[in-house]
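Trainee: First the structure, then my questions, so here it is.
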Amino acid sequence: MQTLTALAAALALIAAPALAQTGAAPPMAPMGPMAPAAAPSPAAPTTPPGTVMVKGPQDTATVTAADLQSMRRYSVTVGWGGGHTYAGAALSDLLAEVGAPSEARLHGPPLDQVVIVKGRDGFISVLAIGETSMTLKGQPVILADQKDGKPLDDKEGPYRLVIGGELKPPRSVWGVVSIELRPIK
């Protein structure tokens, strides 16, 4: 390895004058041996069990099961997984609680934002904020706490992101621990 590092350094010194004449960027300095990358570990929840941290442009809230039950409820019926009906609060309503633009205010520059939903296993799903609006999309995106009239099981729950109208569930996050609204500009 030391021989390769020395060879790379020598080539960099030889090539430097030629690169300077062409206006190309100078070569990078040789690097030493790299440590093996650590295996990714699932993200640990930063909120108490059974809660979801919701972060918006003006505020951050910790949502509990009681909070979710007290909000306006929506149902989404999906064909995947054998067909089920999920129930929960609209993601747009949760975001409005922390200062996100919603419905009438959701046009122009406010659309330049994304919603990042993270599960307890570290899985992340990203939606454009316009996808969370029923006036723009026609179907709700919900933070579900029920499936077929029963609380979600330990695998899916206590909360699951369910996107109305999607034919497959690849963006449906299980065990949601956080929801964050971020600008993209």
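Trainee: Would you kindly derive the ³J(HN,Hα) couplings of the range 168-185 from the backbone phi angles with the Karplus curve 6.51 cos²θ - 1.76 cosθ + 1.60 (θ = phi - 60°), listing them in order in whole Hz, with x for Gly and Pro?
Mentor: 9, x, x, 9, 7, 7, 8, x, 4, 10, 8, 9, 9, 9, 10, x, 9, 10
Trainee: In whole Hz and in residue order, list the ³J(HN,Hα) couplings for the range 142-152 that follow from phi through the Karplus curve 6.51 cos²θ - 1.76 cosθ + 1.60, θ = phi - 60°; x for Gly and Pro.
Mentor: With the stated coefficients, the range 142-152 comes to 10, 9, 7, 10, 9, 9, 6, x, 10, x, 4 Hz.
Trainee: What ranking, highest mean first, results for peptides 164-175, 71-82, 138-149 when packing means the other Cβ atoms within 10 Å averaged over each residue?
Mentor: My ranking of the peptides, most packed first, is 138-149, 164-175, 71-82.
Trainee: While we're here: What percentages make up the Cα-Cα pair-distance distribution of the range 120-185 when the bins are 10 Å wide from 0?
Mentor: 20, 50, 27, 2, 0
Trainee: Oh, and also: Below 8 Å, C-alpha to C-alpha, sequence gap of six or more: please give me the relative contact order for the range 120-159 in percent.
Mentor: 22 percent
Each value in this text was obtained by applying a stated rule to the coordinates, not by laboratory testing. Values in this document were obtained by computation on a predicted structure and should not be read as measured data. Cβ: placed from backbone, ideal geometry, glycine included. Neighbour counts: every protein chain shown.
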